[in-house]
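Okay, so here's the structure we're looking at.
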Amino acid sequence: MHSALCDTDRTLTTLRDHGLKAAVVARARDPFGPVMHSRAHSMVAAGLLAPDDIDEELVVIRADLLVG
C-alpha cells in the first residue's frame with residue numbers, strides 16, 4: 001500500500017530502474033487516518049495538501065523481478 005502523496009510515478013520509475021517490472025494494481029480513495037490527521041497541518045504548510053483535503057488516494061504497487 002502506497003500513498004499517492006509519495007509520488008506514485010517516481011516510485012514506479014525507481015522500481016523499474018532497478019530491474020523490476022512494476023505497476024499499480026489497485027487504487028482507492030480513503031479518508032485520512034490518525035497519522036495523516038496528525039500531519040495534515042504541516043503538509044498543508046508544505047504545499048502537499050490543500051486545507052480542505054480530507055482523503056487521499058492509496059495505491060497497491062506490484063513489483064516483480066525480471067529474470068532472464
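The values are calculated or read from the model by the stated rules, or taken from the named source; none is laboratory data. Remember, predicted model here, so these are calculated numbers, not experimental data. Every residue, glycine as well, gets a Cβ built from its backbone with ideal geometry; the counts of neighbours run over all protein chains shown.
Of the residues making up segment 6-20, those that are in a helix (DSSP H, G or I) and touching a residue at least 40 places away in the same chain (Cβ under 8 Å) are 8, 11, 12, 15. Anything in segment 4-38 that is of a type outside the set (A, V, I, L, M, F, W, C) and surrounded by 15 or more Cβ atoms within 10 Å (Cβ to Cβ)? List them, or say none. The answer is 8, 11.
Scan segment 29-53 for residues that are part of a loop (DSSP other than H, G, I, E, B) and closer than 25 Å to residue 12 by Cα and the total you get is 8.
A search for C-beta distances below 8 Å between a residue of segment 54-68 that is exposed (fewer than 12 other Cβ atoms within 10 Å of the Cβ) and assigned to a loop (DSSP other than H, G, I, E, B) and any residue that is at pLDDT 95 or above and hydrophobic (A, V, I, L, M, F, W, C), counting only pairs 6+ apart in sequence or on different chains, returns 66/20.
Name the residues in segment 54-68 that are of a type in the set (Val, Ile, Thr) and more than 21 Å from residue 10 (Cβ to Cβ), would you? Give the steps one after another, and end with the answer.
Step one: of segment 54-68, the residues of a type in the set (Val, Ile, Thr) are 54, 59-61, 67.
Listed by number, the residues that qualify are 54, 67.
Within segment 39-51, the presence of a residue that is loosely packed, with under 13 Cβ neighbours inside 10 Å, at pLDDT below 95 and β-branched (Val, Ile, Thr) is excluded.
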